[in-house]
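*Asks:* Input: one structure, supplied below.
The values are calculated or read from the model by the stated rules, or taken from the named source; none is laboratory data. As the structure is a prediction and not an experimental result, all values here were calculated from the model. Don't worry about glycine lacking a Cβ; one is built from the backbone with ideal geometry, like all the others, and counts go over all protein chains shown.
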């Protein structure tokens, strides 16, 4: 299979890890919205370094919002300079290009559906998360449509959920079972917003490469997506406002794990070789 241009080759090579700047899209607090920052597209390299929550961060979070300051600040530590030229801090690691197949893409969709089912089940099981039910971010049903399309159109058997999806869903359900709501919210936010940002770029690249430019239902939302995202972010800010400083720290410190699990799911684009 030939690539149409060098940009496509570079972009697809970057799919071996998480390809989303989920924390720099539409910064806001619970009361007012601020101008969104730019998104990036590249490879996340997970750094083992942990962030320390400073007094300045606490003050800024009160004025700008938890998402725009603390979560985004931690996320920037996991970005490379190529992804975020002004704020990226992680070292970059060159990767060999890999041309994904229809089977790779199908497995990616199946695993993501399994993870989304876990996310949605936890939300439905906890009354304190009721505000996140039926908020337009649900992806299980659209993914089922796409999985059925892929199996039918390309004569593929539906694969079993792979280890990346099984492991991540298990972790999400563990958080729900143990009542680790702040930790869960970090994963919820990172995962669902990842697919509204860089995830859509992945969908466009895969559509051009494998699906004759078809856009899957996974990358479509009912209504105005920006309005949906703003509403959900506002609900997150309202939820965080009820937390203690310790709970906020638990949420922020889960960022690296959220990115690592997202990167493992995207490993299907690199021949099922995890970048972590």
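*Asks:* Identify, from the list 218, 184, the residue that is more than 19 Å from residue 106 (Cα to Cα), modelled with pLDDT of 95 or more and touching a helix residue (DSSP H, G or I) at 6+ places or on another chain (Cβ under 6 Å).
*Replies:* 184
*Asks:* So which residues in the stretch 209-219 are loosely packed, with under 13 Cβ neighbours inside 10 Å and within 16 Å of residue 192 (Cβ to Cβ), if there are any at all?
*Replies:* Result: no residue meets the conditions.
*Asks:* Take residue 178 and tell me if it is surrounded by fewer than 20 Cβ atoms within 10 Å (Cβ to Cβ), touching a residue at least 24 places away in the same chain (Cβ under 8 Å) and either within 18 Å of residue 115 (Cα to Cα) or touching a helix residue (DSSP H, G or I) at 6+ places or on another chain (Cβ under 6 Å) (or both).
*Replies:* The answer is no for residue 178.
*Asks:* Turning to a different aspect of this structure: State yes or no: is residue 125 surrounded by fewer than 15 Cβ atoms within 10 Å (Cβ to Cβ) and free of Cβ contacts under 8 Å to residues at least 60 places away in the same chain?
*Replies:* Yes.
*Asks:* A further question on this structure: Hey, can you tell me all the residues within the stretch 193-205 that are surrounded by fewer than 22 Cβ atoms within 10 Å (Cβ to Cβ) and either in a helix (DSSP H, G or I) or touching a strand residue (DSSP E or B) at 6+ places or on another chain (Cβ under 9 Å) (or both)?
*Replies:* 200, 201, 203, 204, 205
*Asks:* Still on this structure: Just a yes or no: is a residue in the stretch 252-267 part of a helix (DSSP H, G or I), over 28 Å from residue 166 (Cβ atoms) and touching a residue at least 12 places away in the same chain (Cβ under 8 Å)?
*Replies:* no
*Asks:* Sticking with this one: Given the conditions (1) in a helix (DSSP H, G or I); (2) surrounded by 16 or more Cβ atoms within 10 Å (Cβ to Cβ), which single one is not true for residue 226?
*Replies:* Answer for residue 226: the failing condition is (2).
*Asks:* Could you look through the stretch 136-173, keep only residues that are surrounded by fewer than 14 Cβ atoms within 10 Å (Cβ to Cβ) and not in a helix (DSSP H, G or I), and pick out the one that is farthest from the chain's Cα centre (by Cα)?
*Replies:* So the residue we want is 155.
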